[in-house]
1. Roughly how large, in nm² to one decimal, is the mean projection of the convex hull of the alpha-carbon atoms in the range 1-129?
2. Which of 351, 215, 115 moves most in a GNM of the chain, Cα contacts under 10 Å?
3. For the range 321-414, what is one quarter of the convex hull surface built on the Cα atoms, given in nm²?
4. Rounded if a/c is under 1.5, else prolate if a/b is larger than b/c, else oblate: which is the range 208-326, with a ≥ b ≥ c the root eigenvalues of its Cα gyration tensor?
5. In nm, give the distance between the simple-model label positions of residue 189 and residue 340, each being 7 Å from the Cα along the Cα-to-Cβ direction.
6. Express the Stokes-Einstein translational diffusion coefficient of the range 328-382 in µm² s⁻¹, to the nearest whole number, given a Kirkwood radius over alpha-carbon pairs, 4 °C and a viscosity of 1.567 mPa s.
7. Counting other C-beta atoms within 10 Å, which of 71, 81, 255 has the fewest, and how do the rest follow?
8. Express the C-alpha Rg of the chain as a ratio against the empirical globular expectation 2.2 N^0.38 Å, rounded to two decimals.
Amino acid sequence: MAPRLKILLSEGMSLSAREAITVLGRAGHRVDLCAPQRWCFGGYSKWVDRVHVMPMAGCDPAGYVRSVAELCAREQIDVLLPVHEQAYLFAALRQHEPIWPHVRTAVPVASLAAFRAVQTKDALAGTLAAAGLPQPDTRVVRSADELLRVGGDLLRSARALVVKETAGTASTGLHRVSDHGHLERLAAAAGFPGGAPLVVQERVPGPLERCQAVFAQGKLRALHCFRQIVAGPGGGDVVKESVSRPLVTGHVQALGARLPWHGALAFDFILRDGDPAKPCYIDANPRLVEPVNALLSGVDLAETLLRVARGEDAGALVIGRAGVRTRLGIPGLVERAAATGRRRAVLGDLFAQLARRGRYAGTTEELTPADDGPASRVPYWGLALQLLAQPGSAEAISRRTVEAYALGPRGHAFVDQLA
């Protein structure tokens, strides 16, 4: 039986943090959270011991990492588990001992060089190209004139484009362009702060799928893939179903060995025209992402990550089974409110979730599991009441949530200073 560990999650506001709490709590581990406020999404769980209030990483990265370091030393944390972009900070801190003094807490993150190969959209494009892995036709531009010229060339050969800021989170800074008029408006409004480029890609037709992996010094130890069945706010998922993708497994295994990667790493890809033999990789998330669908499919990504963090044998490679369908109820309600602006749509979606009907047929809830006790339902019902009262607040809710955990320009600048 695995030892009961004291684990600190790098934040407690995101969906990934909430799902990590479920997986870790069911395994019997003690979980603490970092958060900018006591009453955060992840804090409504019987599996959370304490919520430690500290600065947001995106607003005060220096204050955040100092607070985390002091906390790890004081509370004798066994493992600090980055569940969002804070992983990039800790990758940088691994080589900067003066800011991380006398901390013996295990942190499962790759080297800063490996992170920089996938952290930004332009770096990822170069990494995929160097590894010979498929991606959409991709160009990097550094001025409005170049955006107009390159985008115009791509529009002549592709039906639509996607223009991305290099450091966007949860689809912030992503623009879908379908015609020259839209491209011209975007070029007129585009900013290139600090000389940061934009990435321009053809928009590939086909379903969106995701792959989640855990590596130990470049060796793949666990892998899980799923398809997005219903899209949610910011490009996230409302309903997903696990799938088997042997070709993707081979691609991810090779890329992880090439970097070499250590810790959790996830990829988004599109199956061109729905063909499993034609994956096109479009994004990477160098962290643990929403692990409950994987757990229900037979892969405990979080437990494997803990073993990797502590230098233990993670065992034989485990790959998730296909056909497990899950839902994320809160994003489902937000999506209906944002898409329709109607109370009736939100109420209908609420009933559909409770009855597991319509788009939720055959699904299991990921975010607010029944075995976590009544307190875990407080954020769900609180949000439902807010959206029923003000359906138009959906976009603001999504934006505030992302801001609470995103690394942002200040966080990226802090990493650059460390390096």
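1. If you wrap the Cα atoms of the range 1-129 in a convex hull and average its projections, you get 8.7 nm².
2. 351
3. 8.4 nm²
4. Working: a/c = 1.77, a/b = 1.41, b/c = 1.25.
It is prolate, given that a/c is not under 1.5 and a/b is the larger ratio.
5. 2.8 nm
6. Numbers: Rh = 11.6 Å.
For the chosen part, D equals 111 µm²/s.
7. Values: 71 19, 81 31, 255 27.
Taking fewest neighbouring Cβ atoms as first place, the list is 71, 255, 81.
8. For the chain, the normalised Cα radius of gyration comes out at 0.95.
Each value in this text was obtained by applying a stated rule to the coordinates, not by laboratory testing. Given the structure is predicted, the values throughout are model-derived calculations rather than measurements. Cβ sites come from the backbone with ideal geometry, for glycine too, and all protein chains shown count toward neighbours.
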